[in-house]
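For reference, the structure discussed in these notes is given below.
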Amino acid sequence: MKSRLVIFTIVLAGLLAAGCQTTKYLTTTTSPNLSALDETVLSGIEDGIYPGAVLVVGKPDRVLFAKTYGRHTYEKDSPPMSFDTIFDLASVSKVVGTSLAAFVNLEEGKIALEDRVADHIPGFEKNEKGDVRIKDLMTHVSGLPPYENWKKVEEKRREGESHADALIRHYSEMPLNYEPRSKSRYSCLNFQTTARVNENASGERQEDILIRAVYGPLGMTDTRYVLTREQRIRTAPTIRRKDGSLVKGDVHDPLANYHESIEHCPGNAGLYSTAPDMMKFCRMVLGEGMCDGKRIYSEKTIRRATRRQTPDNVDIYRGIGFQLYTSPPWMTDLNRKPETRIVGHYGYTGPFFWIDKFSKTYIVFLTNRTFPYREDVTDQAPKDSHIRRKLCDIVLRSLPEYQYYYSRKEKND
C-alpha cells in the first residue's frame, strides 16, 4: 500500500491557495520535534484505516506543522489530498455548526441556556420532557436516547410532512431514557433538537445564521451544509455505493441524511469543511472569540463553552458542545484547571480537532476513515483512536510549555 501514498509538504503558497487570509500566522516553521507525526499518519494509510489525511498543528500566530497525505481513495488515479479537500465533519458538526449557531443566538438574546426546550419547540413537553433545558441538550444530560432509526420515523411520517419536521415531532413525543441531569448519555438527538431550537428562536435557517455571524466574518468559505457542484468535486468520499459510485457531498450519518439540509439543518452532523477553515475556527476559540482582529463572540461566551458545564453529580466533563479531555494522552496534569483545559471533538467519518488552552495550540486532523465501506453495512469503519492519541501525545511532548512537566514525570517513573 506504500505505493499508494502521496505526501505533499506544506508551503506558504499552498496555504494561501487554500483560502487563508493573512501571511503573519501562515509563516511555516515545521518543528523537528514534530517529525514523528509523519510516521503516525502514514501508518494509518498503510494499515488501511483511511486512504488519506490532512494534518495541521498550529498556534494563533503561526503554523507549526502541516501536511497532506495520500489520496481521496486507495486507487492510484484518485485525486491527492490537498488543503482544499472538503471533509464530511460528522459529529464535529455539533460544535462547529450547531453550538456556534447557539452562541450567536445567546449573544443576540434570542435564547438562554436555561430556557425550556418546549418554549421553543411546541409539543416537546410531552412524556415528562417539560423540564428539559437547552443546556441539557448541549451537555448531553437531557435524557433523550442516543440515536434513532430513521425508518421508524418514516413509518409514522404524516402526509405532506417533511423529514425534518417528522424527526422533531418524533423526538417531541418520545419518552426520556433517564431523568434529566441525573447522568450523561451522548446523543445525536440532542443536537438535532438544538438545531431546531436555533432556527425557531431566530427565524433563520441554521446555516444562514452561521454564514452571517461566523463563517462570513472568519472567511470560512468551504464550511457549509449544502455544497456547490465545485465543492462536491473537492470532497473526500465517505463510502462507495453498491453501484460503485462514490458518496461525495451527501452526508454519511443516517439521521442527518434522512433529515436533509435544504429547509432545515440537521444539527448532529451534515456539515462539511476544510483544514484551513477549521484552523480559523480553532484560532477563534484560542482567541476567546477573536480572530484576525475580528470579534466573533464575547470572551464570556467562549470561556463558558470551554469549561465544565455538566452537573456535579455527573462524572462526564463537557462544555457547551465541546468535549473536555480529562485523561492522558489527550491532556496532562497541567490541563485540569478551567482556564487550561484541552477541548475538542471527534466525528465518525474521521475528522478531529483538539485545542489546548494552556499552550495555545491546536490540532486539526481530517480523514475519511469510513471509505470504502458499503452503504448497506453499518459500523464497518476501522478503529483510529490510537492514531489520534499518538498525535496528541507527540504534540504535547514537543511543546516548550510541557518540557519541565514531562522531564519530571519521566524522572519519577
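The values are calculated or read from the model by the stated rules, or taken from the named source; none is laboratory data. Only a predicted model underlies this, so the values are computations on that prediction, with no experimental measurement involved. Here the Cβ is made from the backbone with ideal geometry for all residues, glycine too, and neighbour counts use every protein chain on show.
Observations
- Subset of the stretch 162-178 (residues that are more than 18 Å from HIS140 (Cα to Cα) and crowded, with 17+ Cβ neighbours inside 10 Å): HIS163, ALA164, ALA166, LEU167, ARG169, HIS170
- Residue among SER93, SER142 that is of a type outside the set (A, V, I, L, M, F, W, C), under 22 Å from the mean Cα position of the chain (by Cα), assigned to a loop (DSSP other than H, G, I, E, B) and crowded, with 24+ Cβ neighbours inside 10 Å: SER142
- Filtering the stretch 385-399 to residues that are in contact (Cβ under 8 Å) with a residue 24 or more places away in the chain, part of a helix (DSSP H, G or I) and more than 14 Å from VAL41 (Cβ to Cβ) leaves LEU396, ARG397, SER398.
- Look at (1) more than 18 Å from the chain's Cα centre (by Cα); (2) without any contact (Cβ under 8 Å) to a residue 40 or more places away in the chain and you find that ALA201 fails only one, number (2).
- Restricting the stretch 365-392 to residues that are loosely packed, with under 15 Cβ neighbours inside 10 Å and modelled with pLDDT of 95 or more, the residue that is nearest to VAL251 (Cα to Cα): SER385
- Any chance TYR362 is in contact with a strand residue (DSSP E or B) (Cβ under 7 Å, 6 or more places away or on another chain), modelled with pLDDT of 95 or more and farther than 18 Å from TYR50 by Cα: yes
- Failed condition for LEU34, given (1) touching a strand residue (DSSP E or B) at 6+ places or on another chain (Cβ under 6 Å); (2) under 24 Å from GLY249 (Cβ atoms); (3) not polar (S, T, N, Q): (2)
- Candidate set from the stretch 145-156 (those that are in contact with a Leu (Cβ under 9 Å, 6 or more places away or on another chain) and of a type outside the set (A, V, I, L, M, F, W, C)); member that is surrounded by the most Cβ atoms within 10 Å (Cβ to Cβ): GLU148
- Single condition VAL153 does not satisfy, out of (1) closer than 26 Å to GLU299 by Cα; (2) out of contact with any strand residue (DSSP E or B) (no Cβ under 6 Å at 6 or more places or on another chain); (3) in contact (Cβ under 8 Å) with a residue 24 or more places away in the chain; (4) not charged (D, E, K, R): (1)
- The residue that is nearest to GLY97 (Cα to Cα), among those in the stretch 207-217 that are surrounded by fewer than 22 Cβ atoms within 10 Å (Cβ to Cβ) and among the aliphatic types (A, V, I, L, M), is ILE211.
- Scan of the stretch 331-342 for residues that are crowded, with 21+ Cβ neighbours inside 10 Å and of a type outside the set (S, T, N, Q), ordered by number: MET331, ARG341, ILE342
- Test for LEU106: is it part of a helix (DSSP H, G or I), touching a residue at least 12 places away in the same chain (Cβ under 8 Å) and within 30 Å of THR194 (Cα to Cα): yes
- Any chance GLU204 is touching a helix residue (DSSP H, G or I) at 6+ places or on another chain (Cβ under 8 Å), of a type in the set (Asp, Glu) and surrounded by fewer than 20 Cβ atoms within 10 Å (Cβ to Cβ): yes
- Qualifying residue in the stretch 99-120 (condition: more than 20 Å from ARG307 (Cα to Cα) and buried (at least 20 other Cβ atoms within 10 Å of the Cβ)): yes
- Among residues of the stretch 171-201, those that are under 22 Å from TYR317 (Cα atoms) and outside any helix (DSSP H, G or I), counted: 12
- Residue in the stretch 43-57 that is surrounded by 22 or more Cβ atoms within 10 Å (Cβ to Cβ) and part of a helix (DSSP H, G or I) present: yes
- Screening the stretch 343-360 for residues that are outside any strand (DSSP E or B) and of a type in the set (D, E, K, R) and picking the one that is surrounded by the most Cβ atoms within 10 Å (Cβ to Cβ) gives LYS357.
- Residue in the stretch 374-381 that is more than 15 Å from the chain's Cα centre (by Cα) and part of a helix (DSSP H, G or I) present: no
- Residue, surrounded by the most Cβ atoms within 10 Å (Cβ to Cβ), within the stretch 218-268, restricted to residues that are touching a Cys at 6+ places or on another chain (Cβ under 7 Å) and in a loop (DSSP other than H, G, I, E, B): ASN268
- Count of residues meeting criterion [in contact (Cβ under 8 Å) with a residue 60 or more places away in the chain and touching a helix residue (DSSP H, G or I) at 6+ places or on another chain (Cβ under 7 Å)] in the stretch 161-188: 5
- Restricting the stretch 310-324 to residues that are free of Cβ contacts under 8 Å to residues at least 60 places away in the same chain and either crowded, with 17+ Cβ neighbours inside 10 Å or within 19 Å of MET278 (Cβ to Cβ) (or both), the residue that is nearest to the chain's Cα centre (by Cα): GLN323
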